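The values are calculated or read from the model by the stated rules, or taken from the named source; none is laboratory data. In this text, all values refer to a predicted model and were calculated from it rather than measured experimentally. Positions of Cβ are generated from backbone atoms using ideal geometry, with glycine treated the same way; all protein chains shown enter the neighbour counts.
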Amino acid sequence: MKLTTVPTGAALHTAELAGGRAAPRVTLDRILHPRSVAVFGASDSADKFGGRIMHFLVRHGFAGEIYPINPRRREVVGRTAYPSIAEAPVPPDVAILAVPADALVQSVAEAAEAGVGCCVIISTGFAEAGPEGMARQAALVEIACHTGMRLIGPNCMGLIVPHHHLALCSSVVLDTDRLRDGPIGLVSQSGALMVSIFDRAGDDGIGFRHCVSLGNQVDLEICDVLEYLIGDPGTEAICLYVEGLLDGARFRRAASAARQAGKPLLIVKTGRTAGGVTAARSHTASLAGSFEVFEAVCREEGAVLAHDPDDMVRAAHLLVRHRGPRHGGVAILSTSGGGAGIACDRVSELGIPLAVLAPETRARLGEMLLPPQADNPVDLGGRRAPESLEITGTVARVLFEDPHVAYGLVILTSMPFFPARTKMIGEAAQAAGKPVMIALTPGAAASAPREALRAIGQLYFDRTEDALRVLALIAAHDALRAAPASAAERPEGLPGASVIDAPGTGMLTGSEVTRLLGAYGVPVAREAVAATPQAAAEAAAGIGFPVVLKAVCRDLVHKSDVGAVRVGLESPAAVETAAGEMATTLPRSAPLVHLEGFVVQETVPGEAEVIVGARRDPLFGPVVMVGLGGIAVEIWKDIALAPAPVSAAQARTMLASLVAAPLFTGARGRPPLDLDAIVDAVVRISWLAVDLGPHLVDLEVNPLIVRRAGGGAVAVDARGTLTNPSQEEPRT
């Protein structure tokens, strides 16, 4: 089968949509900075969606025109009301709608006919609400395509743009005197989560440049806003809450652009687990799930994944305040020996090094502190006499200004002059110009110290673990941004997609996969396929003893579990006997599989077993995997992923990230393994995955037998699944 590439799934849908829609009426910049806004369902009552939106627009000082749309009122919140959008003086840039779902499509159609630039749809009851809702959502897409009117939502909470005094949102969190401005852009698929993040950040003194809730993304989607924020001079960091992406390639390009622009990109992503029949058939499919692939893409492009939205925003805030690059470790300052000890343990568990202080720093600390406390971690309890209040600030300043300190972690317990001393530490942290996490561990006793830090604009935490999570995100960002870019160069001699001869579709036999591997320069064990036990015995004599015998069953995954693998066979008679036993016992032990024959394979000695796999992700395309192989992959799940293709340097980084990495370099007196051979196999299989294109479902070598350094590596077992893209169901 000669392979060809055809557009499928989301790519085909996107191409059709782009080719068939009218030119957009307004830009995203105009949507986020409208000159005029219409409010459907406008009301004087703050108990209603339309009423709250009107009140918030007026209260927060939106300077543009506001057109309340209400057929039963002549005036709303002191503004002239209009019975329909068609009667507004001019077509507004943006209209916001919070009307019942069954009336929404007609309202959007009227807005489009009146020339509205964009509709922000708060209403629910669309694709998330079953077939009727999906039909309504399809009608919205059709309106947008034919008129060029843009859509945000439905099922969203709207927009908050503090610097434009725009509160186009119905959430009660906007019932405040101030929209806190700042340099962080926030994009969220969840509206309720967006406004909660906005509100909580305000308590921390953190403001936003733009907050955009996208809901169902029928038109404008995450990448539209992400690309805009990357190009916006006022946005210095970007936070995303992602449930699902529409275009993986576009997202990856945007993440790369954010990195090139020097704008930290932090993401909270739901959907971390996946299952299904395919995952059960393949280690690669089960271990390289959708979230794991997303994580690998983010890591490759320098985006940081967080588990908690508050951590994400706090880390973005500190990264904006303290721009890198940073080199060194963590300096710990505490008023408690116990707090310092806990912090040391947790920092080490996170894999972040403690700073090794310069000799001059230790000398200066030794002038103020007793010897055990004059090194990292620093315990303020061990001060030399005579004691003075100012020593607290001096110690903090000396510690944080050390050139080997990249980050600070302060654990404060109750102490005399608590507010004053806390303020001194906060001022020292700000003067150092480095990210310093200050955790105030008491409850009400720390109320005044918290207020002292708020007064100087210093972020603080109420729990040590909260501070540690943010520290880990900042350190992860710095490590990702410091990693050198490495372009994947195609090895010479690969056949290429235009000439590769794939064996068919569906689940492949091991021999069919090893034929592909051999064409791509991956060393494979010598083997012969035999139809009968007698033929297997003859083939074994030609290969040389001892040999391995395997049953050929394309739908059998774990052959050794059902007696379909025999090793160490020393004679033709032993091979013939073993093959006969397989033919007899397999129908009983695995009645659903079909025996197609036997493979006789040379015995390959080695020092370790490695798995190398690849699969095609529906959003991001081919990914490659490497890890500890054999049955260990099922037990330890010690693997690394990367988008394919990968360079040799990237493959080495993948191997170095494994828990088993010391085994490859000669741990505990073991011989070093041939890392170059593993790297070469990973690179070549990554290019095979790229060349198979949409035909690839999954493919893996398990095990790749690895010999000592210089001895090479050989693939001794493989499996794979291919598909015909033209027969796939289109994705929606």
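Per the conditions (1) among the hydroxyl-bearing types (Ser, Thr, Tyr); (2) within 20 Å of Val90 (Cβ to Cβ); (3) surrounded by fewer than 19 Cβ atoms within 10 Å (Cβ to Cβ), the sole criterion not satisfied by Ser45 is (2). The single condition among (1) crowded, with 24+ Cβ neighbours inside 10 Å; (2) at pLDDT 95 or above that Ala718 does not meet is (2). Scanning region 427-449 for residues that are free of Cβ contacts under 8 Å to residues at least 12 places away in the same chain and in a helix (DSSP H, G or I) returns Ala444, Ser447. Among the residues of region 74-98, those identified as of a type outside the set (Gly, Ala, Ser) and under 25 Å from Thr27 (Cα atoms) are Ile85, Glu87, Pro89, Val90, Pro91, Pro92, Asp93, Val94, Ile96, Leu97.
Within region 565-613, how many residues turn out to be of a type in the set (Ser, Thr, Tyr) and not in a loop (DSSP other than H, G, I, E, B)?
We begin by selecting, within region 565-613, every residue of a type in the set (Ser, Thr, Tyr); these are 571, 577, 584-585, 589, 603.
Narrowing further to those that are not in a loop (DSSP other than H, G, I, E, B): 577, 584-585, 589.
So the answer is 4.
Taking the condition farther than 22 Å from Gly613 by Cβ and surrounded by fewer than 20 Cβ atoms within 10 Å (Cβ to Cβ), does Gly568 pass? Against the criterion (farther than 22 Å from Gly613 by Cβ and surrounded by fewer than 20 Cβ atoms within 10 Å (Cβ to Cβ)), Gly568 qualifies.
Here's the yes/no breakdown for (1) at pLDDT 95 or above; (2) more than 20 Å from Ala296 (Cα to Cα); (3) not hydrophobic (A, V, I, L, M, F, W, C):
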site: Arg652; (1), (2), (3): yes, no, yes
site: Ala660; (1), (2), (3): no, no, no
site: Phe664; (1), (2), (3): no, yes, no
site: Arg668; (1), (2), (3): no, yes, yes
site: Asp674; (1), (2), (3): yes, yes, yes
site: Val679; (1), (2), (3): yes, no, no
site: Val683; (1), (2), (3): yes, no, no
site: Trp687; (1), (2), (3): yes, no, no
site: Leu692; (1), (2), (3): no, yes, no
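With respect to the conditions (1) closer than 13 Å to Ala38 by Cα; (2) without any contact (Cβ under 8 Å) to a residue 60 or more places away in the chain; (3) buried (at least 23 other Cβ atoms within 10 Å of the Cβ), Glu110 falls short on a single one, namely (3). Do any residues in region 662-686 that are farther than 19 Å from Leu699 by Cα and touching a residue at least 12 places away in the same chain (Cβ under 8 Å) have Cβ atoms under 9 Å from those of residues that are part of a helix (DSSP H, G or I) and polar (S, T, N, Q), where the two are at least six apart or on different chains, and which pairs are they? Hits for this filter: Pro672/Thr665; Leu673/Thr665; Leu675/Thr665. When Gly443, Gly433 are checked against the criterion of being surrounded by fewer than 21 Cβ atoms within 10 Å (Cβ to Cβ) and either in the same structural domain as Gly207 (by TED's automatic domain parsing) or touching a His at 6+ places or on another chain (Cβ under 7 Å) (or both), Gly433 stands alone in meeting it.
Of the residues making up region 606-625, one or more are of a type in the set (Lys, Arg), crowded, with 18+ Cβ neighbours inside 10 Å, within 30 Å of Gly302 (Cα to Cα) and not assigned by TED's automatic domain parsing to the domain that holds Ala536. If the condition is being buried (at least 23 other Cβ atoms within 10 Å of the Cβ) and of a type in the set (A, V, I, L, M), then region 699-715 contributes Leu699, Val701, Leu704, Ile705, Val706, Ala713, Ala715.
Name the residues in region 498-527 that are hydrophobic (A, V, I, L, M, F, W, C) and within 24 Å of Asn702 (Cα to Cα), would you?
If the condition is that a residue be hydrophobic (A, V, I, L, M, F, W, C) and within 24 Å of Asn702 (Cα to Cα), then Ile500, Ala502, Met507, Leu508, Val513, Leu516, Leu517, Ala519, Val522, Val524, Ala525 are the ones that fit.
When region 56-72 is filtered for residues that are surrounded by 16 or more Cβ atoms within 10 Å (Cβ to Cβ) and outside any strand (DSSP E or B), the ones remaining, listed by number, are Phe56, Leu57, Arg59, His60, Phe62, Gly64, Asn70.
Take the conditions (1) modelled with pLDDT of 95 or more; (2) crowded, with 16+ Cβ neighbours inside 10 Å; Leu369 misses just one of them, which is (1).
Checking Ala497, Ala485, Ala479, Ala475 one by one, the residue that is crowded, with 20+ Cβ neighbours inside 10 Å, small (Gly, Ala, Ser) and not in a strand (DSSP E or B) is Ala475 and no other.
Being hydrophobic (A, V, I, L, M, F, W, C) and touching a Ser or Thr at 6+ places or on another chain (Cβ under 9 Å) is the filter; apply it to region 160-174 and report the residue that is nearest to Ser196 (Cα to Cα).
Ranking the qualifying residues of region 160-174, first place goes to Val173.
Hey, among Ala18, Ala22, which residue is part of a loop (DSSP other than H, G, I, E, B), at pLDDT below 95 and under 21 Å from Gly153 (Cβ atoms)? Spell out how you get there, then give the answer.
Working: Ala18 fails: part of a loop (DSSP other than H, G, I, E, B).
Step by step, each of Ala18, Ala22 is checked, and only Ala22 is part of a loop (DSSP other than H, G, I, E, B), at pLDDT below 95 and under 21 Å from Gly153 (Cβ atoms).
Can you say whether Leu696 is over 30 Å from Arg253 (Cβ atoms) and crowded, with 24+ Cβ neighbours inside 10 Å, as far as the supplied structure shows? No: the conditions fail for Leu696.
Screening region 106-163 for residues that are among the aliphatic types (A, V, I, L, M), outside any loop (DSSP other than H, G, I, E, B) and more than 31 Å from the chain's Cα centre (by Cα) and picking the one that is farthest from Ala88 (Cα to Cα) gives Ala135. For region 440-474, a residue qualifies if it is touching a helix residue (DSSP H, G or I) at 6+ places or on another chain (Cβ under 6 Å), of a type in the set (Val, Ile, Thr) and closer than 23 Å to Val304 by Cβ, and the qualifying residues are Val470, Ile474. Scanning region 234-260 for residues that are closer than 15 Å to Leu28 by Cβ and either surrounded by fewer than 20 Cβ atoms within 10 Å (Cβ to Cβ) or under 16 Å from the mean Cα position of the chain (by Cα) (or both) returns Gly234, Ile238, Arg250, Ala254.
Let's see how each residue does on (1) in the same structural domain as Ile222 (by TED's automatic domain parsing); (2) surrounded by fewer than 22 Cβ atoms within 10 Å (Cβ to Cβ); (3) at negative phi:
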| site | (1), (2), (3) |
| --- | --- |
| Ala135 | yes, yes, yes |
| Val141 | yes, yes, yes |
| Asn155 | yes, no, no |
| Gly158 | yes, no, no |
| Leu166 | yes, no, yes |
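Is there a residue in region 507-521 that is in a strand (DSSP E or B), touching a residue at least 60 places away in the same chain (Cβ under 8 Å) and touching an Asp or Glu at 6+ places or on another chain (Cβ under 9 Å)? Checked region 507-521: at least one residue is in a strand (DSSP E or B), touching a residue at least 60 places away in the same chain (Cβ under 8 Å) and touching an Asp or Glu at 6+ places or on another chain (Cβ under 9 Å).
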